[in-house]
């Protein structure tokens with residue numbers, strides 16, 4: 001038995017799964033348009049454990065989606081995961097948000113580009129093959145009509161994530177396949193976190209930080225008139 005609690009809070013989807021040996025047993029998530037992490041994350045954790053009929057002491061590890069994504073969302077998820085891992089004295093595992101998102105695509109051929117919306121025409125993206133192997137590192141990318149031209153000229157490219165909406169307005173290549181209305185989910189984290197658990201690929205609970213990709217910039221308050 002290898003029960004792992006998986007936490008995904010990098011976007012508006014507050015998502016928790018309870019897995020065993022890499023298989024999802026329970027999935028709790030809010031696929032809404034607003035951030036509900038502060039209100040629902042711990043409720044979902046309790047509900048997942050209850051539905052799986054186990055208690056927290058039976059968990060072998062805590063896994064968290066490490067980013068990139070929403071600064072506040074990642075902070076909430078990582079803080080909860082670190083707190084549980086420390087309190088239960090079990091390993092903390094981090095899972096790439098974009099790798100888990102790419103895992104939602106099932107295809108026989110082509111490339112997969114998971115992308116999360118950033119500012120204006122920018123997305124956080126990476127490129128994976130159909131076997132979920134990383135081919136191009138994660139980067140903050142400014143889109144234009146020539147984006148992914150090399151990959152599109154070779155074959156099908158599946159775009160997935162909340163960055164698809166803006167990408168679709170720029171790319172009109174016949175090989176571009178847009179998978180809309182999909183967000184990262186803890187469901188796809190189950191297999192990825194178990195693979196890391198088997199390899200003892202874990203994080204230092206004290207020092208682990210989310211992968212923001214870009215520094216957080218707080219907006220300065222406007223001067224009072």
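The values are calculated or read from the model by the stated rules, or taken from the named source; none is laboratory data. Owing to the predicted nature of the structure, the values given are computational and were not obtained by experimental measurement. Every residue, glycine as well, gets a Cβ built from its backbone with ideal geometry; the counts of neighbours run over all protein chains shown.
Things worth noting here:
- Sub-7 Å Cβ pairs linking a first residue in the stretch 202-219 that is more than 28 Å from residue 87 (Cα to Cα) to a second residue that is modelled with pLDDT of 95 or more and assigned to a loop (DSSP other than H, G, I, E, B), at least 6 apart or interchain, are 213/67; 213/68, ordered by first then second residue.
- Among the residues making up the stretch 123-140, those that are crowded, with 20+ Cβ neighbours inside 10 Å and within 12 Å of residue 68 (Cβ to Cβ) are 123, 124, 125, 126, 138.
- Of note, residue 182 satisfies the criterion of being at pLDDT 95 or above and closer than 17 Å to residue 12 by Cβ.
- Scan of the stretch 163-200 for residues that are out of contact with any helix residue (DSSP H, G or I) (no Cβ under 9 Å at 6 or more places or on another chain) and either farther than 29 Å from residue 63 by Cβ or not in a helix (DSSP H, G or I) (or both), ordered by number: 163, 166, 168, 169, 170, 172, 177, 199, 200
- Matching residues, the stretch 143-173, being loosely packed, with under 12 Cβ neighbours inside 10 Å and in contact with a strand residue (DSSP E or B) (Cβ under 9 Å, 6 or more places away or on another chain): 154, 155
- Summed over the stretch 174-184, the residues that are more than 20 Å from the chain's Cα centre (by Cα) and surrounded by 15 or more Cβ atoms within 10 Å (Cβ to Cβ) give a count of 3.
- Filtered by the rule that a residue be free of Cβ contacts under 8 Å to residues at least 24 places away in the same chain, closer than 20 Å to residue 109 by Cα and assigned to a strand (DSSP E or B), the stretch 138-162 gives no residues.
- Residue 100 being modelled with pLDDT under 95, in contact with a strand residue (DSSP E or B) (Cβ under 9 Å, 6 or more places away or on another chain) and within 17 Å of residue 183 (Cα to Cα): no
- From the options 187, 203, residue that is over 19 Å from residue 102 (Cα atoms) and crowded, with 17+ Cβ neighbours inside 10 Å: 203
- Residue 111 more than 16 Å from the chain's Cα centre (by Cα), crowded, with 22+ Cβ neighbours inside 10 Å and closer than 24 Å to residue 163 by Cβ: yes
- Residues within the stretch 1-12 that are closer than 16 Å to residue 47 by Cβ and surrounded by fewer than 24 Cβ atoms within 10 Å (Cβ to Cβ), tallied: 1
- Residue within the stretch 43-60 that is buried (at least 16 other Cβ atoms within 10 Å of the Cβ) and either closer than 30 Å to residue 135 by Cα or under 16 Å from the mean Cα position of the chain (by Cα) (or both) present: no
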